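Can you keep this structure in mind? I'll have questions shortly.
Read-outs throughout are calculated quantities, based only on the coordinates presented, and are distinct from any laboratory measurement. None of the values given here were measured: they were computed from a predicted structure. Every residue, glycine among them, receives a Cβ derived from its backbone with ideal geometry; neighbour counts consider all protein chains shown.
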Amino acid sequence: MSVPDLRAELLDASVPIPRRFRALFALRSIGGDASVDALLDGLKDPSALFRHEVAFALGQMQATRAVPKLKEVLEDASDHSMVRHEAAEALGAIASDECAEALRTASEDECQVVRETALGSAKEKLSAGAAGAEGGDAANGDSPYMSVDPVPAASLSISMETLTRVLLDESADMWDRYGAMFALRNRGPAPDVAATLGAVLASSSSALLKHEVCYVLGQIQEKGAAARDALRQTLMDASEHPMVRHEAAEAIGSIAAADTESLLATYRADADRIVAESCEVALDIMASEMSGEFVPLQKAVEA
Ligand SMILES: [Fe+2]
Ligand SMILES: [Fe+2]
């Protein structure tokens, strides 16, 4: 499909949301100014889920031309916290001086999720120095998932035991916990890491950390029971932040275990539109994974 065709799919509100997400993923993989401009128009969509995914994609593409619009989203206190959070993360991933300034301002925002995200991203930018500014310290292991992580993985000199302890420690610095998680993800073994992440999901009170834990579980795609049970409970918990339930639904879709399909089908009717639409998208991801038709992003990027 050409960029103009993908743009038309992306911006047509009458197209089912999973198909619009496929167009979004494709534009992200293709890249270039025309793709970025199509995505920027997607930031006007009425669906918060859609807008947050567009912001995420723009950050992962490190699209400098998206900075003014991402700043507008971040500064709009009337927008959903999940969308503003993702705009902050995207600005952190792009990491120009203009982004750092916007993040410093947002680090005093009234909304906790926005404030914590901006605080971490701004701190990261300030301390990036020689290693971080050029896209991470390769010795620590860049993400094997082609993702631009919000903080670099913790150093290889830190033992797996220490990393696990930091990740589970509710009193530890949030960004140290993030760095520990990415280091564990990169080093594996996947079943052990997934079990640890499942434990964090079941015990932490931080929505920010839990949404990233779910995201990483979706990257690892480990089918072990501990993580899957925690993801299930997270999706089913109506009191949980919709940002976390959304990431849990999509992780369940990526893991693609047949016995979780009915759960996603049930929550497709959730009262929260973000959760309901996430389950629509997750069912599509699951169907693609099961049929083997899903083209992982890293392959699309390399193609
Ligand atoms: Fe996020
Ligand atoms: Fe998301």
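Between residue 19 and residue 272, take the C-beta separation as r, use R0 = 22 Å, and let me know the FRET efficiency to the nearest 0.05.
So, using R0 = 22 Å, E works out to roughly 0.55.
Using only the Cα atoms, what convex hull volume per residue in Å³ does the range 194-273 have?
Convex hull of Cα atoms, per residue: 71 Å³.
While we're here: With θ set to phi - 60°, apply the Karplus curve 6.51 cos²θ - 1.76 cosθ + 1.60 along the range 8-19 and write out the HN-Hα couplings as whole Hz, x wherever there is a Gly or Pro.
4, 4, 4, 9, 8, 5, 7, 7, x, 4, x, 5
Spin-label point model (7 Å from Cα, Cβ direction): what's the residue 97 to residue 110 distance in nm?
3.2
Sum -39500 (n - 2.57) across every DSSP H segment of at least 4 residues in the chain, then divide by the residue count to get the 222 nm mean residue ellipticity, nearest 500.
-21000 deg cm²/dmol
Can you give the Rg and Dmax of the chain based on its C-alpha atoms, in angstrom?
Cα-based Rg and Dmax for the chain come out at 18.0, 52 Å.
Would you list 30, 255 from fewest to most Cβ contacts within 10 Å?
In order of increasing Cβ crowding within 10 Å: 30, 255.
Continuing with the same structure: Can you give me the pair-distance distribution of the range 1-127, C-alpha pairs, 10 Å bins, whole percents?
15, 46, 29, 10, 0
At 0.36 nm per residue, and after removing the present C-alpha to C-alpha distance, how many nm does the segment from residue 225 to residue 258 gain when stretched out fully?
10.6 nm
About the Cα centre of the range 1-127, what is the dipole size in debye to 20, counting +1 per Lys and Arg Cβ and -1 per Asp and Glu Cβ, all else neutral?
Once rounded to the nearest 20, the dipole reads 340 debye.
In addition: Extending each Cα 7 Å along its Cβ direction at residue 75 and residue 37, get the distance between those two points in nm, one decimal.
2.4
Here's another thing I want to ask about it. About the Cα centre of the chain, what is the dipole size in debye to 20, counting +1 per Lys and Arg Cβ and -1 per Asp and Glu Cβ, all else neutral?
The calculation lands at about 340 debye.
With the calculation restricted to Cα positions, what are the radius of gyration and Dmax of the range 229-288 in angstrom?
9.7, 30
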